[in-house]
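To start, the structure itself, in structure tokens.
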Amino acid sequence: MRMSLKSVFGSGALALLLTMSAGPSSAQALAAEAAASAAVSGVPVQILNRRIAEYRASFLGVSPAERARRTHLYMNEVLARSGPGVVLVRKEGQGQVLMLDGEMALILTPEDVDVASGATLDSTVAHAKRQLELLIAETRESRDQSRLWHAALISLAASLVFAGLVWAVRR
């Protein structure tokens, strides 16, 4: 069975036309599906490789992914200031706000809670508060000059002991 070039190109052009006409609507469907998937699974708020919380819902018209991005940028800025590191929780009408040194760090709404795992807004906020306090403690420790010098001296002493043992064994 032989097909003519005209029928091959004609069917190819028809397939291309159908694909192009279905493109925008299928792209919109894919975008809607991705947004629904993000809402179900949540978008992590990750700062300095530590997962603080997950945003599952839009808030004031801002998508979970954009909320996570903004929180990440803002938290890096706040952590660079080296304030006292006091984390407080304040209840508001829209949800609960985690305050870092008197400034809003992030807000968790009832829609951000993973109810499938049995979590509540209070337990989610308590977990986020613990993670934020741990992040602050680790950030402080990594910037503590006396701790760094102490660790460097211990490393130097251990290296000298090792070098002495290697020298003694080879002798």
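A few comments on the model shown:
- Subset of segment 63-97 (residues that are within 19 Å of P110 (Cα to Cα) and surrounded by 14 or more Cβ atoms within 10 Å (Cβ to Cβ)): S63, P64, A65, E66, R67, A68, T71, V89, G95, Q96, V97
- Looking only at segment 50-61, and only at residues there that are open to solvent by 30 Å² or more (accessible area, probe 1.4 Å) and hydrophobic (A, V, I, L, M, F, W, C), the one that is farthest from the chain's Cα centre (by Cα): L60
Results for (1) under 13 Å from the mean Cα position of the chain (by Cα); (2) closer than 29 Å to V113 by Cα; (3) at pLDDT 50 or above, shown as yes or no for each residue.
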| site | (1), (2), (3) |
| --- | --- |
| G10 | no, no, no |
| T19 | no, no, no |
| G23 | no, no, no |
| L48 | yes, yes, yes |
| R67 | yes, yes, yes |
| L73 | yes, yes, yes |
| E77 | no, yes, yes |
| L88 | no, yes, yes |
| L98 | no, yes, yes |
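- The C-beta contact set for segment 100-117 (first residue free of Cβ contacts under 8 Å to residues at least 40 places away in the same chain, second residue in a loop (DSSP other than H, G, I, E, B) and open to solvent by less than 70 Å² (accessible area, probe 1.4 Å), distance under 8 angstrom, 6+ apart or interchain) comprises L100/G83; L100/G85; D101/G83; D101/G85; P110/G95.
- Qualifying positions in segment 112-130 - open to solvent by less than 50 Å² (accessible area, probe 1.4 Å), within 22 Å of S63 (Cβ to Cβ) and in a helix (DSSP H, G or I): D112, L121, T124, V125, A128
- Residue match in segment 140-159 (condition: touching a Gly at 6+ places or on another chain (Cβ under 9 Å) and in a helix (DSSP H, G or I)): yes
The values are calculated or read from the model by the stated rules, or taken from the named source; none is laboratory data. From a predicted model like this one, the values you see are computed outputs, not experimental measurements. Methodologically, a virtual Cβ is constructed for each residue, glycine included, from the backbone with ideal geometry; neighbour enumeration extends over all protein chains shown. Surface areas here come from the heavy atoms of the whole protein model, side chains and all, with no ligands, DNA or RNA. Shrake-Rupley method; radii C 1.70, N 1.55, O 1.52, S 1.80 Å.
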